[in-house]
Amino acid sequence: MGGTEAIRGGKGGRGGLGNVLSGIAVAIGFALFLGGFVWGAVVYRPYTVPTDSMMPTVRPGDRVLAERIDGGDVRRGDVIIFTDSLWSDSPMVKRVVGIGGDVVKCCGAAGEVTVNGVPLDEPYADTSKPETGLEMPPGQTAPTGTPFEVAVPEGNLFLLGDRRASSLDSRAHLQEAGQGTVSRSAVSARVDALAWPEMKMLERPAAYEALPGGISRTGPLRLQVMMVLAGAVLVAAGGAYGPVARVLARGRRREPAGVR
């Protein structure tokens, strides 16, 4: 009987302390694990991208995680989710190239887009030759190959798709009020990461960093993932303590007499 109690309690009560610490680890782990998931569900919303207009950054069928933000938080270079009835009744995804007060122009000396006279280096954009047979809705301008210059009204955004040859973006609505710009109030989220079929953060383009206002910061997704992973490790470690301790205790009990 005394030997059994010694195995359960450990020498000097160390076994009891280990059980307490493992219980605390499991409790903290669950809190971190569930807290990370709940926080992520509150801050982020998943979207499936249906078109190829944002290739190669985002491909058709990709699942993205978009941070819920107010339109006032949008900066140049952000990939946003927005809904504008003049464009579509469904949410759309485009990149912000110009904000209120900017002059967005195409094209510069090398055929690049300029913002306030500054040429943009856009390694993320597909500027290959336009595809033939691209059909435009009645009254809309072809999205590529036509020079334009737009003074973006205050409170509005000028948007382009990364696949310039096939994206129906602000260039396709130049003849409408606001010259194809969209109100900040139409924005519901900013894409922070790709979730499927691959997982990676969407980096902010350096091309806009030197412009007034700079670029936006990434959301708390990395911290949320770290919380979930740390929680999982603590739960696993705390849960494994009991079985491991029992195996070690049995091993010590079976040692031959006189062996130290």
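What follows is calculated from the coordinates using simple rules that are stated; it is not laboratory data. Predicted, not measured: the structure shown is a model, and the values here were computed from it. Note that each Cβ is placed from the backbone with ideal geometry, even for glycine, and that neighbours are counted across all protein chains shown.
Output wanted: per-residue J couplings in Hz (rounded whole) for the stretch 187-196, from phi through Karplus 6.51 cos²θ - 1.76 cosθ + 1.60, θ = phi - 60°, x for Gly and Pro.
Rounded to whole hertz, the list is 7, 10, 6, 10, 5, 10, 7, 8, 10, 7.
Tell me the label-point distance for the pair MET201, ALA240, using the 7 Å Cα-to-Cβ offset, in nm and rounded to one decimal.
Roughly 2.8 nm, to one decimal.
Points 7 angstrom from Cα along the Cβ direction at VAL225 and VAL118: gap in nanometres?
Modelled inter-label distance: 2.9 nm.
Calculate one ³J(HN,Hα) per residue across the stretch 21-29 by plugging θ = phi - 60° into the Karplus curve 6.51 cos²θ - 1.76 cosθ + 1.60, and present them in order as whole Hz with x for glycine and proline.
Using θ = phi - 60°, the values come out as 5, 5, x, 5, 4, 5, 5, 5, x Hz.
Where Rh denotes the Kirkwood radius from the mean inverse Cα pair distance, what is Rg over Rh for the stretch 25-88? Don't jump to the answer; show the numbers that get you there.
Working: Rg = 16.1 Å, Rh = 14.4 Å.
Ratio of gyration radius to Kirkwood radius: 1.12.
What residues qualify as long-range amide H neighbours of ILE69, i.e. H under 5 Å apart, gap of 5 or more or another chain, H built at 1.01 Å from N?
HN-HN under 5 Å from ILE69: ALA189, ARG190.
When ranked by the protection proxy of mean other Cβ atoms within 10 Å per residue, highest first, what sequence do the peptides 196-204, 64-72 form? Don't jump to the answer; show the numbers that get you there.
Working: 196-204: 12.4, 64-72: 17.7.
For the peptides 196-204, 64-72, the packing ranking is 64-72, 196-204.
What are the ³J(HN,Hα) couplings of the stretch 201-216, residue after residue, when phi is run through the Karplus curve with 6.51, -1.76, 1.60 and θ = phi - 60°? Round to Hz, x for glycine and proline.
6, 8, 6, 6, x, 5, 4, 9, 5, 7, 6, x, x, x, 10, 7
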